[in-house]
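Novice: Structure below; questions to follow.
The values are calculated or read from the model by the stated rules, or taken from the named source; none is laboratory data. Small disclaimer: the values here were computed from a predicted structure and weren't measured. Cβ coordinates were reconstructed from backbone atoms using ideal geometry, including for glycine residues, and neighbour counts include every protein chain displayed. Heads up: the accessible areas ignore ligands, DNA and RNA and are worked out on the full protein's heavy atoms, side chains in. Shrake-Rupley method; radii C 1.70, N 1.55, O 1.52, S 1.80 Å.
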Amino acid sequence: MAAAKRKSPPTKKTVAKKLTARKSALKIQPRRRSNVTLLKLPRPSLVSQLSFGANEKLPPRLQAIVDKSDIAQVLTVFARGIDRIDENLLRSVLHPDATLDLGPGIFQGTGGDYVNWVLGVLQGIKSSHHHIGQVRVELSGDSALAESYFHAHLRVEKPIGREDVFMGGRNLDRFDRRPGGPVGVWKIVHRKQVLDWVRTEAVSDIFYHQNPDALWSYRTKTDPSYQMAQFPGSASSGRLPAFLGRRYESKSVKL
């Protein structure tokens, strides 16, 4: 038998061609470094992490938090309606069959009659300021009982002059959640207002006269709170405040 032919060893050029062909077949590409970091990603809100369908209910504890928040909002809207003399706000937090009891010699009647009555009372008051304190809410299905503490200041106009009336008390409210929107709406169905203390003092307007350029509130829709959507920094405003750059001394406010 003839001796087998020996294969010549591959040259460097042949090996290089084979490696190049293999890389092309595998489509090897260099790894790119991502510019996205975890800190630049927006944090998802708690609500966005909850996937509840249209017919699904929130867990009981979470639903209780939502309900109590809605009830607290009603209490603050009621106080705002009084201080700004806003009839629409007052009516928006009362069910059509709501009743209110402030005492037989003060007012007892329907929600609609209360709104008409209190708007008349407020015409004789120069200004009012209500502060809602701690709120205790007991939930029972679509009903709730809420006790909210309040402090109020009333500037009263009298023939003999002005007086400041300070009072502290509690609003005892019965709430019902009734159909409205996707999950229902909480509104007051009965309110009993009790007073804990009252103090009347003679008016002293020294600060007002010494600081006429201070920003004072209004009891109508000219109050700045109705224009907050147009404050500097909002999309609708698009401009910086005109007062930037002004300098003030500590004596600018007179105490």
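Novice: Which members of region 193-219 meet the condition of being closer than 27 Å to G105 by Cβ and within 26 Å of the chain's Cα centre (by Cα)? Spell out how you get there, then give the answer.
Specialist: Taking region 193-219 and keeping what is closer than 27 Å to G105 by Cβ, we get 193-203, 219.
Q193, R219, listed by residue number.
Novice: Now, a different point. Is it the case that region 186-202 has a residue that's open to solvent by 60 Å² or more (accessible area, probe 1.4 Å) and on the phi > 0 side of the Ramachandran plot?
Specialist: No: zero hits.
Novice: Could I ask something else about it? Could you tell me whether region 207-223 includes any residue that is over 24 Å from V115 (Cα atoms), open to solvent by less than 70 Å² (accessible area, probe 1.4 Å) and either without any contact (Cβ under 8 Å) to a residue 40 or more places away in the chain or touching a helix residue (DSSP H, G or I) at 6+ places or on another chain (Cβ under 8 Å) (or both)?
Specialist: Within region 207-223, one or more residues are over 24 Å from V115 (Cα atoms), open to solvent by less than 70 Å² (accessible area, probe 1.4 Å) and either without any contact (Cβ under 8 Å) to a residue 40 or more places away in the chain or touching a helix residue (DSSP H, G or I) at 6+ places or on another chain (Cβ under 8 Å) (or both).
Novice: Does region 58-85 hold any residues that are in contact with a Phe, Trp or Tyr (Cβ under 9 Å, 6 or more places away or on another chain) and acidic (D, E), and which are they? I'd like the intermediate steps shown before the answer.
Specialist: Here is the first cut: in region 58-85, the ones in contact with a Phe, Trp or Tyr (Cβ under 9 Å, 6 or more places away or on another chain) are 58, 67, 70-71, 73-75, 79, 84.
Passing the criteria: D67, D70.
Novice: Also, I was wondering about something else. Restricting to region 81-101, count the residues that are under 10 Å from R191 (Cβ atoms) and not β-branched (V, I, T).
Specialist: 4
Novice: Turning to a different aspect of this structure: I need a count of the residues in region 175-222 that are basic (K, R) and in contact with a Leu (Cβ under 8 Å, 6 or more places away or on another chain).
Specialist: 4
Novice: Step by step: first the residues of region 171-205, then only those that are among the aliphatic types (A, V, I, L, M) and at pLDDT below 95, then the one that is nearest to I71 (Cα to Cα). Which residue is that?
Specialist: V183
Novice: Turning to a different aspect of this structure: Among the residues of region 111-125, write down those that are closer than 20 Å to G180 by Cβ and either in contact with a Ser or Thr (Cβ under 6 Å, 6 or more places away or on another chain) or β-branched (V, I, T) (or both).
Specialist: V115
Novice: Of all residues being surrounded by fewer than 16 Cβ atoms within 10 Å (Cβ to Cβ) and of a type outside the set (G, A, S) in region 92-103, which is farthest from the chain's Cα centre (by Cα)? Just the residue, please.
Specialist: Once the filter is applied, the top-ranked residue is D97.
Novice: Just give me the residues in region 104-114 being in contact with a Lys or Arg (Cβ under 9 Å, 6 or more places away or on another chain) and surrounded by fewer than 17 Cβ atoms within 10 Å (Cβ to Cβ), in sequence order.
Specialist: As a first pass, look at region 104-114 and keep what is in contact with a Lys or Arg (Cβ under 9 Å, 6 or more places away or on another chain): 111-112, 114.
Once the filter is applied, which keeps residues that are in contact with a Lys or Arg (Cβ under 9 Å, 6 or more places away or on another chain) and surrounded by fewer than 17 Cβ atoms within 10 Å (Cβ to Cβ), region 104-114 yields only G112.
Novice: Under 7 Å between Cβ atoms, at least 6 apart or on separate chains: pull out the pairs that start in region 49-68 with a residue that is closer than 27 Å to R174 by Cα and open to solvent by 60 Å² or more (accessible area, probe 1.4 Å) and end on any residue that is among the hydrophobic types (A, V, I, L, M, F, W, C) and at pLDDT 60 or above.
Specialist: Within 7 Å, the pairs are K68/V137.
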